Amino acid sequence: MRPAEARWIAARLAALPRDRISPLLNLGSSTGETREVRQPHIDALIFAPLRAAGVEIIHSDLKQAPGVDIAGDLLDPAVQTQLRARRPRAALSSNLLEHVRSPAVFARAMASLVEPRGLVLVTVPRSYPYHADPIDTGFRPTPTELAALFPDCALVHGEVVADSTYGEELWRQGRNGLRKGVRTLLGALRPHGDVARAQRDRLRWMLRPFTTTCIVLETAARS
């Protein structure tokens, strides 16, 4: 998750009363180490303020690991049953849909987990390098295209959020950034493989910003 994306999510959630977003499902949450150590801006900007406000947060990911409350495949009916049992009023999915072969199926599953008139926040890269986890389908939608995957939801807000360039990111990191840039160049020289492809692709963002498509949706009332 990019820092600008995290700030956008944090601002949208902070503008809502607690009873509008709690419990909150964090779908595709990754691990506690990722949120708090490898990308500490995720916890600092989004989840720490929510915890301080008394929002119940349920982290769910495919892998069982520290910091994951409910592990398993989102499309598994047993996992869906566990998630629905928590009666979530909101769900967050960040940078997940570009890593699945059927994003529309995942999108409908996400929306189905949230209570009627609940909220779904979704982010997907708009301008971003190839990054396999374990695949990258190249899905880079506009807000309208992303919202179309949720036919039973109403689009509340949609925006393309710009972040830094790869060059700016390296510059801010000083010597560590220089070493990282050298590793990127060396990796790009490899003839084959996902790593080489990702490193070559990353160089294309040396002077252009990373951007993320971010939307807020409201789930429909159910009879």
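Coordinate-derived values only; no laboratory data. Note that the structure is predicted; figures quoted are calculated from it, not measured. A quick note on method: Cβ atoms are made from the backbone with ideal geometry, for glycine too, and the neighbour counts reach across all protein chains shown.
By the gyration tensor of its Cα atoms, with a ≥ b ≥ c the square roots of the eigenvalues, what is the shape of the stretch 97-218: rounded for a/c under 1.5, prolate for a/b over b/c, or oblate?
Details: a/c = 3.15, a/b = 1.99, b/c = 1.58.
Prolate, because a/c is 1.5 or more and a/b exceeds b/c.
Report the relative contact order of the chain, percent, no decimals, based on alpha-carbon pairs under 8 angstrom and at least 6 residues apart. Present the calculation step by step, with values, prior to reporting the outcome.
Numbers: 428 pairs, mean separation 47.1, N = 223.
Relative contact order for the chain comes out at 21 percent.
Considering only the other residues whose Cβ falls under 11 Å of the Cβ of Arg190, what net charge follows from Lys and Arg at +1 and Asp and Glu at -1? Intermediate values should be presented prior to the final figure.
On the way: positive: Arg197, Arg200; negative: Asp194.
Overall, the nearby charge balance is +1.
With springs only between Cα atoms under 10 Å apart, run a GNM on the chain and tell me which of His41, His157, His192 wobbles the most.
His192
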